[in-house]
Amino acid sequence: MTDTPLLTIGEFSSQCRISVRMLRHYDERGLLTPAIVDPVTGYRRYRLAQLDLAQRIRRLRDVGFTVSGIAAVLSARDRDAYRQALELQRDILTQQAVEAQGRVYLIEQLITTEGTLMDAITVSRVAQPARTLVALRGTVARYEDEGELWARFMPELQRQGVIPIGPGGVIEHDGEFREADVDESVFVPVAPGAGVAAPLEIVEIAAHEAVVARLVGPYSLISEAHARIAEFAREHGLALAPGGRSGPVSERNRNIYLTAPDQPGDPITEVIMPLASAANEDLTVPGAV
């Protein structure tokens, strides 16, 4: 038995808050098919019972799912995959919100300082002491996805009983800025002589000279910190190390996070670009015990 009366596409659109254009598109994609299509006029008619499906589609659309994504989520409506898809979309939107806030911060800096950003970033030449690090190396899609390595790293540190003696950070192993497939190691400093098992590794970094940018503000300004370091090096006639996998680890760019992400206030980060020097020697011992 059918619901009566049937709704015109305009009436249905008004009640479900989906435009007529999109209702036609959903029909073409087989996502929301009218109850009846007049063979002569082509007019679409919908049942009242279809409003429930239309509302579910609208909600998924409103949280950013594409048409194909909506179809996939709806097909998993009563499964764990449905919740997992929503949780993944939540995480994506959360990351996008963080990145958008970083762009807003950058815009404010550009407006208030006419592009200099010197109130957020200070640069100096700093002697870096020798350090023993425990690290986890991996490849992530983008620099912003570094958190994936930390999510694997921190439980492993705890499992192996590793005790950091200072703030951690990340080493960039690529000798270039990459748009995808970034090779990085997240690390924490430890006392000399520490031992770990795979997948962790011990990284010994020799004392060396570097240009360091101290950044007080969102991580979205790290690229600007690199630019300020390059500018500082040019002004002072300094040669920055080329970095890259073929050179010593002590000549690769790295960041140290002086404050935890959940700490109140603006995060404080040291962006370190080593100076070129044949004396910068290091030793990497994978899975050392």
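All other residues whose Cβ lies under 11 angstrom from that of residue 183 are scored, Lys and Arg at +1 and Asp and Glu at -1, for a net of -1.
What do you get for Rg/Rh over the stretch 151-272 if you use C-alpha atoms and the Kirkwood form of Rh? Checking Rg against Rh, the ratio lands at 0.96.
Could you work out what % of the accessible surface of the stretch 13-144 is carbon and sulfur, using a 1.4 angstrom probe and leaving DNA, RNA and ligands out of the count?
53 percent
Here the Gaussian network model covers the chain, with springs between Cα atoms less than 10 Å apart; of 184, 28, 201, 28 fluctuates the most. Tell me, rounded to the nearest percent, the portion of alpha carbon pairs in the stretch 34-101 spaced more than 19 Å apart. Percent of Cα pairs beyond 19 Å in the stretch 34-101: 49.
With all protein chains kept in place, the per residue accessible area of the stretch 36-137 amounts to 63 square angstrom at a probe of 1.4 angstrom. For the options 67, 249, 211, a Gaussian network treatment of the chain with springs between C-alpha atoms closer than 10 Å singles out 67 as fluctuating the most.
Protein heavy-atom accessible surface, 1.4 Å probe, per residue over the stretch 148-289: 48 Å². Which shape class applies to the stretch 61-214: rounded if a/c is under 1.5, otherwise prolate when a/b exceeds b/c and oblate if not, where a ≥ b ≥ c are the square roots of the Cα gyration tensor eigenvalues? Judged from the Cα gyration tensor, the stretch 61-214 comes out oblate (a/c at least 1.5, b/c at or above a/b). Of 233, 49, 71, the residue with the greatest mean-square motion in the GNM of the chain, using alpha carbon springs below 10 Å, is 49. Here is the P(r) of the stretch 6-59: all C-alpha pair distances, binned every 5 Å from 0, give 4, 22, 37, 27, 7, 2, 0 in whole percents. The 1.4 Å probe gives accessible areas that order 173, 236, 25, largest first, as 236, 25, 173.
Quick one: ranking 9, 70 by accessible area, 1.4 Å probe, largest first, what do you get?
9, 70
With every protein chain in place and a 1.4 angstrom probe, the accessible-area ranking of 131, 59, 83, largest first, reads 83, 59, 131. Global size of the chain: 26.9, 85 Å for Rg and Dmax (C-alpha atoms, Rg to one decimal, Dmax whole).
The Cβ shell under 12 Å around residue 28 holds other residues with a net charge of +3, Lys and Arg each +1, Asp and Glu each -1. In summary, the convex hull built on the alpha carbon positions of the stretch 104-190 has an orientation-averaged projected area of 7.8 nm². Heavy-atom surface analysis with a 1.4 Å probe gives the stretch 218-283 a carbon and sulfur content of 53 percent of its accessible area. Centre-to-centre, using Cα atoms only, the stretch 16-90 and the stretch 186-260 are separated by 49 Å.
The values are calculated or read from the model by the stated rules, or taken from the named source; none is laboratory data. In this text, all values refer to a predicted model and were calculated from it rather than measured experimentally. No Cβ is skipped: glycine too gets one built from the backbone with ideal geometry, and neighbour counts run over all protein chains shown. These accessible areas exclude ligands, DNA and RNA; they are computed on the full protein's heavy atoms, side chains included. Shrake-Rupley method; radii C 1.70, N 1.55, O 1.52, S 1.80 Å.
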